[in-house]
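What follows is a set of notes on a single structure, which appears directly below.
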Amino acid sequence: MNALSFGALCFSSLFTVIDPFAVAPVFTTITQGRSREQARRIAARACLAALGVLVVFAVSGVTLFRLFGITIDAFRIGGGIVFLLIGLPMLGGSHEEKAVEGAGQDPSVVPLGVPLIGGPGAITTIMLLMGQSTSSLHTTALFVALFAALGATFGLLLLAPRLLTRLGKSGTALITKVMGLIIVVIGVQFVIDGSKPIAIDILRSARVL
């Protein structure tokens, strides 16, 4: 896979897992009654907080693999299962956006930055994609895709009040279901990619024996 294709995969994976359309209602509720400039600052700090968390996990992912003796294939399978657990409730309509109460005067880091934008799904995704990176070009494409996904998230958060007014509850629910389907498909693909090398090793061992 060339760097361009890998970058496209990274962007689509990160964007669907972050799911800014699901974060938008929470952002709109939290920033209700604030000025546009205040809402813009909150959105910017939230995206920067998520960026910091995801970069840390992307950089330290390999170290964590070595520390705990985890193989990339096992992490792919585990990450795929996490994707399924995230995506299936979204398809079933039970996915709820929860704002953390008592977040104080600045909700940008918690709950917006973490765990809504830089949540478990995004952390798992960035570590999985970093594990699949095979060259410096792939790594560069991954970080460019991360910046692009968070940039798109920032833009959608700023447009959230207008978008939600036009889409309505049914439109937002439809988009969430589509995102859920994409996440489920990505999860299944990760499980397949992780299972292939294991199955091949088992078959080779059986032939030797």
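The values are calculated or read from the model by the stated rules, or taken from the named source; none is laboratory data. Given the structure is predicted, the values throughout are model-derived calculations rather than measurements. Methodologically, a virtual Cβ is constructed for each residue, glycine included, from the backbone with ideal geometry; neighbour enumeration extends over all protein chains shown.
Only residues that are surrounded by fewer than 22 Cβ atoms within 10 Å (Cβ to Cβ) and part of a helix (DSSP H, G or I) were counted in the range 22-46, giving 15. Within the range 12-38, the set of residues being at pLDDT 90 or above and among the hydrophobic types (A, V, I, L, M, F, W, C) comprises 14, 15, 18. Residue 202 meets each of the listed conditions (1) surrounded by 13 or more Cβ atoms within 10 Å (Cβ to Cβ); (2) modelled with pLDDT of 75 or more apart from (1). For the range 1-50, the set of residues classified as among the acidic types (Asp, Glu) and in contact with a Ser or Thr (Cβ under 9 Å, 6 or more places away or on another chain) consists of 19 only.
Please work out if residue 171 is closer than 23 Å to residue 89 by Cβ, in contact (Cβ under 8 Å) with a residue 24 or more places away in the chain and of a type in the set (Gly, Ala, Ser). No. Taking the numbered list (1) more than 13 Å from the chain's Cα centre (by Cα); (2) at pLDDT 95 or above; (3) not hydroxyl-bearing (Ser, Thr, Tyr) in turn, residue 148 passes all entries but (1). Pairs are defined by a Cβ separation below 9 Å, a sequence spacing of at least 6 or placement on different chains, a first member in the range 147-164 that is touching a residue at least 40 places away in the same chain (Cβ under 8 Å) and over 21 Å from residue 55 (Cβ atoms), and a second member that is outside any helix (DSSP H, G or I) and among the hydroxyl-bearing types (Ser, Thr, Tyr); the pairs so defined are 160/31; 161/31. Is it true that residue 64 is at pLDDT 75 or above, surrounded by fewer than 20 Cβ atoms within 10 Å (Cβ to Cβ) and under 30 Å from residue 201 (Cα atoms)? The answer is no for residue 64. Among the residues examined, residue 193 qualifies as touching a Lys or Arg at 6+ places or on another chain (Cβ under 6 Å), in a helix (DSSP H, G or I) and either closer than 27 Å to residue 75 by Cα or among the hydrophobic types (A, V, I, L, M, F, W, C) (or both). Residues that are loosely packed, with under 15 Cβ neighbours inside 10 Å and part of a loop (DSSP other than H, G, I, E, B) within the range 102-153 comprise 102, 103, 104, 105, 106, 134, 135, listed in sequence order.
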